[in-house]
Amino acid sequence: MAQAGRPLLKRYRLESVSWRGIERSQCYEKPTSACTADGIACGGYSFLARPAPGHAAGTGGIIGAVFFDADADGIRDATDNGLDAGLTVEIRDAATNGQVFLTVTTTALDGTYAFTALDANTYLVTELSLEALGYTRTTPNTRTVVVGSVVALGVDFGGTLLMTLSGTIFDDANQDGVRGLGETVIPDALVEVFHDPNGNGLIDSGEPLAAPRSPTPRATTSLPTCGPART
């Protein structure tokens with residue numbers, strides 16, 4: 001039992017992470033609670049970041065983009081443009097499972113971002129803005145990136161916008177392309193939506209299915225805003 005006027009002593013496990021010449025200490029109060037340094041009090045103690053003696057800035061880096069994934073395939077194609085400026089990307093230390101925050105940046109007008117002068121280390125890179133802006137992610141929002149003495153390229157994050165396509169399959173008795181009085185629906189019709197990247201209105205060889213098949217009289221489905229499609 002602690003004596004009157006003396007604080008109750010607790011046990012902590014201390015770790016140190018070096019990044020850009022900064023040693024960041026963090027402490028864990030056993031068994032589960034955790035706190036990080038940079039002047040934040042931890043169990044009554046404060047830990048400050050300080051330059052590592054004789055340490056030079058690293059030569060590695062991470063470069064990527066936040067892009068509009070038109071076909072929602074999770075891959076940045078040549079026609080997938082970068083999104084807007086001001087989208088937030090941060091990096092954390094992977095060795096501590098992301099508990100140590102390192103730095104943050106925002107994208108340029110073309111959707112690109114960059115972290116430079118990084119030490120050789122493993123980082124967790126996280127994009128934070130897409131969902132808040134109404135985009136549906138097509139890639140994980142956190143990626144694990146190993147940085148050596150050179151820049152890691154192509155650490156990209158994709159998002160798309162979903163739209164709804166709906167309609168009715170009917171027997172166009174007079175073949176005028178308009179559903180008239182008395183023209184009945186065709187039940188259990190198979191509806192398929194395809195990507196039409198060349199915009200010719202035809203289902204060409206190799207053009208992939210854009211949405212699940214819907215065997216209903218009135219088909220409604222969500223698909224990415226990827227340009228013309230034919231049902």
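Values quoted throughout were computed directly from the atomic coordinates according to the rules given, and no laboratory measurement underlies them. Here the structure is a predicted model, which means the values were calculated and not measured. So basically every Cβ, Gly included, is an ideal-geometry build from the backbone, and we count neighbours across all protein chains shown.
Where in segment 184-207 does the amide nitrogen come within less than 12 Å of the point 7 Å from the Cα of residue 170, taken along Cα to Cβ?
From segment 184-207, the list is 184-186.
Quick check: net charge around residue 106, other residues with Cβ under 12 Å of its Cβ, Lys/Arg +1 and Asp/Glu -1?
On the way: positive: none; negative: 84, 90, 127.
Around residue 106, the surrounding residues sum to -3.
Based on the alpha-carbon gyration tensor of segment 75-177 and its eigenvalue square roots a ≥ b ≥ c, which shape applies: rounded if a/c is under 1.5, prolate if not and a/b is larger than b/c, or oblate?
Values: a/c = 3.21, a/b = 2.89, b/c = 1.11.
Cα axes put segment 75-177 in the prolate bin.
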